[in-house]
Amino acid sequence: MGALIKNGTIVSATGSRRADVLISGEIIAQVGEKIVEEEHEIVDATGLLVMPGGIDVHTHLDMPFGGTTSADDYTTGTQAAAVGGTTMLIDFALQSQGHTMREAFDTWCKKSDRKACVDFSLHMAVTDLDPHHTGDTGYGLREMEEMVVEGISSFKLFMAYPGVLMIDDGLMFRVMQKAAGLNALCCIHAENGSAIDIVVSQMIAEGKAAPHYHALSRSPKAEAEATHRAIALADMAGAAVYIVHLSNEDALAALKFMQGRGARALAETCTQYLVLSIEDQMPGNSWEEAKFVFTPPLREKKNQKPLWDALAEGALSVVSTDHCPFRFADQKSLGKDDFRKIPNGGPGVENRLQILWHFGVNAGRITPEKFVELAATAPARIFGMEKKKGSIVPGLDADILLWDPDADYTISAATQRMATDYNMFEGWKVKGNAAKVFSRGELVVDNTTRPGEFLGATGRGRFVRRDANAGGFA
Ligand code: URP
Ligand code: ZN
Ligand code: ZN
């Protein structure tokens, strides 16, 4: 007999109600009022909200970048996620130029093997359709078909990072055409990498090498231009597109314009863009600002309200983290004298739900139902796993979060599970935290009795195959 969660309030994307949840093995067996107790283990959820476990669709675990590797591996990264109430991640496998997507898939399978602690899936970042240099892109296009068969139904395309991950418009368009035929989703890092590179070189030539200039070198217009271009090309190709880490109101305007024109375009923003700003975190006078060097960079504060409004109104569909952690002491320091060498990325997977609840729900910007939609239900739907994850519905995996809306929590690197030596929200006091977390029916976190600990076995997380559903548009 499985656990019976009683006395809680179930919050779904569409409404809230008092009901019990019965878990059987790894699955939600029953949801209803006053389920008979029999011999179930009772979990008393009095005062708690019962929600689907969080799904963070944008993380970079154990990822090589900027001459180093992101600090969280699949063990620390997935444990940190779980402690914060997130029970499923979608990470990125990166194809290197001259190598196949299959190699990238195998590499990321090895990274996660016996290490992942909650369930996860992968997007495939495409950089090369002709890895064997035959002059024909057929090989890469066939590999895209194979990836979809493997359950990788989203392809990531970088319009930034020239010489490393960036692809040109022709290659992007070809991938989009193929994705359209496969019903796969194209995820886009939308920044004009070529223009940004010129600005970067000019700044360095003028001696502007501090972290602050990383942010100034990447104009919101470079993001807006690329956002429009990516969606227009996807529309031409007949593909559904998902803009990752949208950070500012100019890019949002481009998104809304194309959505208004009927393009099948979705987008996420990330916690950091909702609550951190260039004025507060990067005023321009300290090396500490390297902690906030990621791309797109922090923006002016005036961008935050439009992002919150777009979440509430629906132009933005998801809040993810772009969790890409590097330690301040020995990784960010690679760029001490030159911001180009600071590894880009910040930690956040553990704090996503706390930030979204405290600054979203508590501040009256979004409802609890919208919180569930943005953090779990929409990610599951858009990324082709709504038959397994993202809702409290019989037959789905029992990934369940018992959320305490009254819990006071102080965010700090000293108590976090993420492997960085800093936290972007250091010292912030939030109200609302994960109380208990179930992953496929197993209690893996109990912050009420053993705060911050992961209680499950290392390696218990499984790869989740996702359906190709064109971002839920199809
Ligand atoms: O700075 C960032 N965002 N690092 C991770 C790679 C990416 O662009 O998402
Ligand atoms: Zn990116
Ligand atoms: Zn990213």
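Assorted remarks:
- Loop-located GluC sites (Glu not before Pro) across the stretch 1-69 with a Cβ neighbour count of 10 or fewer within 10 Å are E33, E38, E39, with loop assigned by DSSP.
- Using distinct alpha-carbon pairs, which all enter the 1/r mean, Kirkwood radius of the stretch 399-445 in Å: 11.9
- In the context of the full set of protein chains, residues of the stretch 53-389 present 32 Å² of accessible surface per residue (probe radius 1.4 Å, heavy atoms only).
- Degrees between helix 169-182 axis and first principal axis of the chain (Cα, 0 to 90, nearest 10): 30
- Efficiency of FRET between I198 and T134 - r from beta-carbon atoms, R0 35 angstrom, step 0.05: 0.60
- Label-to-label distance for N285 and E37 is 6.3 nm, based on points extended 7 Å past Cα in the beta-carbon direction.
- Computed label-point distance, nm, for sites D406 and D330 using a 7 Å Cα→Cβ extension: 4.5
- Residues S24 and A253, FRET efficiency given R0 of 35 Å [Cβ-Cβ distance, rounded to 0.05]: 0.15
- Antiparallel DSSP beta bridges within the chain, percent to nearest 5: 45
- Inter-probe distance in nm under a simple model that places probes 7 Å from Cα toward Cβ, at C109 and R17: 4.3
- Note on the chain: the alpha carbon radius of gyration divided by the globular reference 2.2 N^0.38 Å gives 0.93.
- Think of it as helices only: each DSSP H run of n ≥ 4 in the chain is worth -39500 (n - 2.57), and spread over all residues that comes to -8000 deg cm²/dmol at 222 nm.
- Cβ charges +1 (Lys, Arg) and -1 (Asp, Glu), total dipole of the chain, debye: 460
- Crossing angle, helix 101-112 versus the chain [Cα axis fit, 0-90 degrees, rounded to tens]: 40
- Cβ-Cβ FRET estimate between D338 and H99, R0 fixed at 30 Å, reported to 0.05: 0.60
- Comparing Cα centroids, the stretch 178-192 and the stretch 220-290 end up 15 angstrom apart.
- Using a probe radius of 1.4 angstrom, the carbon and sulfur fraction of the accessible surface of the chain is 50%.
The values are calculated or read from the model by the stated rules, or taken from the named source; none is laboratory data. Since the model is a prediction, treat every value here as computed from it, not as a measurement. All Cβ positions, glycine included, derive from the backbone under ideal geometry; neighbour counts span all protein chains shown. Protein only, heavy atoms only, side chains kept; ligands, DNA and RNA dropped before computing areas. Shrake-Rupley method; radii C 1.70, N 1.55, O 1.52, S 1.80 Å.
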